[in-house]
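*Asks:* My questions all concern the structure below.
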């Protein structure tokens, strides 16, 4: 399976914001954004104003990095959004938010989407008694997600919840039972729930060329 092996902290610095790609490091003073908020590379040279195409491309790269998907997957999500009724950009982000690894991350059970992806792949996630080990699985309204974990993973999740609460909150479209490691999808994420700092219109314009 293809993976993005680029240095994660450089991606955050390039985006100019925390993308929560490094787990514990992102919620401590070791975070690269806190230590070196500027973009990576030589800092003394004069940077020219980016073109509009560069802004579009950078926004797409930021979205891919946030959700941890590669180009082929991202393009597939865009095609789904483009064929759906409604605002293409909003539907694109909504589809990405529905990914199982993102749902586990949003529920504060993991410090990063990469860590959430591990929990899913290792078989800890169940829906209706059936194991779901595909991180890209799209959840639906009304589904109840249960994490069945051993004592070691329980302690990890408890620590993750404490650390994550300092930086993030659980979105309204999810209901989380932290004691029983249960997530209920109350509704599909609406426009008011899509708080990811992405200018999705730039992505739509890029793919529409």
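Taken together, the values in this text are just the output of simple stated rules run on the coordinates, not laboratory data. Predicted model, so just to flag it, every value in this text is computed and none were measured. Here the Cβ positions follow ideal geometry from the backbone for every residue, glycine too, while neighbour counts run over all protein chains shown.
*Asks:* Which of the three applies to the stretch 99-188, rounded, prolate or oblate, going by the alpha-carbon gyration tensor with a ≥ b ≥ c and a/c under 1.5 meaning rounded?
*Replies:* Rounded.
*Asks:* Which FRET efficiency, nearest 0.05, do residue 54 and residue 80 yield, Cβ-Cβ r, R0 30 Å?
*Replies:* For residue 54 and residue 80, the calculated efficiency is 0.70.
*Asks:* Which order, highest average first, do 83-89, 60-66, 153-159, 200-206 follow once you tally other Cβ atoms within 10 Å for each residue and take the mean per peptide?
*Replies:* Ranked from most to least packed, the peptides come out as 60-66, 200-206, 153-159, 83-89.
*Asks:* Then there's this: Over the stretch 99-188, what relative contact order in percent results from Cα pairs under 8 Å that are six or more residues apart?
*Replies:* Result for the stretch 99-188 is 32 percent.
*Asks:* Would you calculate the separation in nanometres between label points at residue 141 and residue 207, each defined as 7 Å from the Cα along the Cα-to-beta-carbon direction?
*Replies:* A separation of 2.3 nm, rounded to one decimal place.
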